[in-house]
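Only one structure is covered here, and it is reproduced in the block below.
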Amino acid sequence: MEFGPYLLLACLEGAVLAAVLALMASGLSLVFGVMRVVNVAHGEFYMLGAVAAWAVTSMLGAGAVANFVAALVIAPLAVGLLAAAADMTILKRLEYDPERTIVATIGLLYVIQQLTLMTYGADARPVVAPFNSRIALPWVEWGENGLSLYYPWGLSTTSYKLFVIVAAVVLITGLRLFMAHSRAGLIMRATQLDGEMATAFGVPVERVYAIVFGAGAALAALAGVLIVPIQQAHYLMGGDALLLSFIVVIIGGLGSLTGTVVAAILIGMSDGIISVFFSPTLAKIIATLVVALVLVFRPQGLFGAKDR
Amino acid sequence: MLKIEALSAGYGQAMVLRDVALEAQAGEITVLMGRNGAGKTTLMKSIMGLVKASGTVTLDGVALTALPPHQVPRHGVGYVPQGRRLFSELTVAQNIEIGLGAAPDARSHGALRAEVLALFPRLAERMDQRAGTLSGGEQQMLATARALCVKPKLLLLDEPTEGLQPSMIEQIRQVMLAMRDKGLAVLLVEQRIDAVLGLADRVFVIENGRNAESFTRSDLAAGEARLRSHLGV
């Protein structure tokens, strides 16, 4: 395949990763932004979403589309409720102290991971995509008769991968609109800016924290459900996803939703392109190097506020 | 109206207030005075339930100390904190909206918003402006307006005139007098004796977290020298 079509293919792979990463990192960023809690267990909520999707589709036994739609609704809801319960029983007792909550979420990470290993097992298990038709992509070439379209061999994607990209765009746009225009979003932003003052004006801040922690985990679980027809569900799959999410929120600026989305596109696309042309390991090395440079030259991230 | 008895409060192991007692009546301006670090702001926060405290704070017989902190404003307590503490990245309209959220009756929000903005017409012209970009005086107006949106029976103002120009101080003073005449209990933390003399119905002085002395309007003029000695001016 020539360079041009090959680059398009790499960009599409990168866009799928960027979409999933943007969803997952938005949850991490939302939790940090509102609660100032660095949730180290976030990757496990992503893994739980994927595992729950496998469980729902296995148990339901309906058609592939019905199974998947049920997983898209049930898995994030269940994971979100679990996270909200973890918030109320663990983080609330620690009074949301930034240092102690890091240790607590590390503990939560291992508890979730080992419980999953004990119940779900060590095998990676697939979930059937609701639709997965191959779509050949056209390319242009300059021939004797001017520009003409042709379909290079191997230049194709699947309808499911395009669905993942569209679903992530719709969900993140919905999240942005919710935060900007709804009364609940206004309360979350007020709590983010000054929790004590929000309390002084009738906002039940601890309830807001439980909802935000649950919503952040539900976003990670949604990402897990969306990725599981492409990658299989495995009890260790949260680790890499957590690392990439941290890379994204550090580059974008902790707590900034815009920064998170921009950084997810940057990291996802570069990962896709470098992985296709060179190697996935080099892609990770470069992403980590970018984080180091951001931490040195712009510690608040690309879109983060300086005093955060 | 407001009755504080045997109130002790602090941060962690450090006690700031010890056995403080205070009363504020409806239709009166009660002023709380004391040197820096005496515990005035901690007392205001204790009423709001924002610091851990023992003792009792009751408002019209309701024990505020027994309530979760977020329910205190719903019982009619409006708070203008020291340094204004607006939601700086939210607009004027959104700050007002947050205040209205703690008002007792959601159906009256429209009328309440109009009533409050009538007191501060300048804010009405800046509804879409971010609070953090307002001038100091406008920010104080917004902090006061936000507290009035709660439809308070008791209005707490913690050094509302700090750092403001004279015209703005006079406007805030007029609002306090209007609220008093409307029957609200106003509890004001103020450092400047000159500002207090023509305004206060009662003055409570606290020193090192304890009650030191109190004055009524009638004995304030005679006790001015003692008041000055308490404040070290």
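Read-outs throughout are calculated quantities, based only on the coordinates presented, and are distinct from any laboratory measurement. Every value quoted in this text rests on a predicted model; they were computed, and no experiment measured them. Cβ sites come from the backbone with ideal geometry, for glycine too, and all protein chains shown count toward neighbours.
Counting pairs of alpha carbon atoms under 8 Å apart in space and at least six apart in sequence, what relative contact order in percent does chain A give?
Details: 502 pairs, mean separation 112.1, N = 308.
Once normalised by length, the contact order is 36 percent.
Checking the table B:LYS3/B:LYS153; B:LYS52/B:LYS153; A:LYS92/B:LYS151 against a 20 Å threshold on Cα-Cα, which pairs fail?
Details: B:LYS3/B:LYS153 13 Å; B:LYS52/B:LYS153 23 Å; A:LYS92/B:LYS151 31 Å.
In this structure, B:LYS52/B:LYS153; A:LYS92/B:LYS151 lie more than 20 Å apart at Cα.
Please give the net charge around A:GLU95, taking every other residue with its beta carbon less than 14 angstrom from that of A:GLU95, where Lys and Arg add +1 and Asp and Glu add -1.
Taking every Cβ under 14 Å from that of A:GLU95, the sum is 0.
On the Cα set of segment B:56-115, report Rg and Dmax in Å, please.
Values for segment B:56-115 (Cα only, Rg and Dmax): 13.3, 37 Å.
Through the Karplus equation 6.51 cos²θ - 1.76 cosθ + 1.60, θ set to phi - 60°, convert the phi angles of segment A:11-19 into ³J(HN,Hα) values in whole Hz; use x for Gly and Pro.
After applying 6.51 cos²θ - 1.76 cosθ + 1.60, I find 5, 5, 4, x, 5, 5, 4, 4, 5 Hz.
How many nm separate the modelled label positions at B:TYR11 and A:LEU295, each set 7 Å beyond the Cα in the direction of the Cβ?
3.0
Restricting the calculation to Cα positions, tell me the Rg (one decimal) and the Dmax (whole number) of segment A:92-251 in Å.
Computed over the Cα atoms of segment A:92-251, radius of gyration and Dmax are 22.0, 74 Å.
Restricting things to Cα coordinates, could you compute the convex hull volume per residue of segment B:88-151 in Å³?
Details: hull volume 4.2 nm³, N = 64.
Residue-normalised Cα hull volume stands at 66 Å³.
In whole angstrom, and with the biggest value first, how far do the Cα coordinates of the protein assembly as shown range along each principal axis?
Between the extreme Cα coordinates on each principal axis of the protein assembly as shown lie 102, 59, 47 Å.
Dividing the alpha-carbon Rg of chain B by 2.2 N^0.38 Å yields what?
Computed over Cα atoms of chain B, the ratio equals 0.98.
Check which residues have an amide H placed less than 5 Å from B:LEU156's amide H, if you skip close sequence neighbours.
Those lying under 5 Å, H to H, from B:LEU156 are B:GLY78, B:TYR79, B:VAL80, B:LEU187.
When you take every Cα atom in chain A, what is the radius of gyration, and what is Dmax, the widest Cα pair distance, in Å?
Calculated on Cα positions, Rg and Dmax stand at 20.3, 74 Å.
Residues of A:278-288, mean number of Cβ from any other protein chain within 10 Å of their own Cβ, rounded to a whole number?
0
If Lys and Arg each add +1 and Asp and Glu each add -1, what is the summed charge of the other residues whose beta carbon sits under 14 Å from the beta carbon of A:LEU12?
Values: positive: A:ARG134, A:LYS161; negative: A:GLU13, A:ASP271.
Within the 14 Å Cβ shell, the charges total 0.
Provide a whole-number value for the mean count of partner chain Cβ atoms within 10 Å of the Cβ atoms in peptide B:60-69.
1
Determine, from the Cβ-Cβ distance of A:SER156 and A:ALA85 and an R0 of 41 Å, the FRET efficiency 1/(1 + (r/R0)^6), rounded to the nearest 0.05.
Working: r = 44 Å, r/R0 = 1.07.
Calculated value: 0.40.
Please list 3J(HN,Hα) in residue order for segment B:35-41, calculated via the Karplus relation 6.51 cos²θ - 1.76 cosθ + 1.60 where θ = phi - 60°; whole Hz, with x for glycine and proline.
Whole-Hz 3J(HN,Hα) from phi for segment B:35-41: 5, 4, x, 6, x, 5, 5.
Take the Cβ-Cβ distance between A:ILE135 and A:GLU95 as r, set R0 to 45 Å, and report the resulting FRET efficiency rounded to the nearest 0.05.
Details: r = 52 Å, r/R0 = 1.15.
Computed FRET efficiency for A:ILE135 and A:GLU95 comes out at 0.30.
At 222 nm, what value in deg cm²/dmol follows for the protein assembly as shown if DSSP H runs of at least 4 each add -39500 (n - 2.57) and the sum is divided by all its residues, to the nearest 500? Walk me through the numbers before you get to the answer.
Working: 20 runs with 293 residues, N = 541.
Only helices count here, giving -17500 deg cm²/dmol.
Can you tell me the order of B:164-174, B:145-155 when each peptide is scored by its average per-residue count of other Cβ atoms within 10 angstrom, highest first? Please list the in-between numbers first.
Working: B:164-174: 14.5, B:145-155: 24.3.
Top to bottom by mean Cβ count within 10 Å: B:145-155, B:164-174.
Nearest 20 debye, what's the magnitude of the dipole of segment A:3-297 about its Cα centre given +1 on Lys and Arg Cβ and -1 on Asp and Glu Cβ?
380
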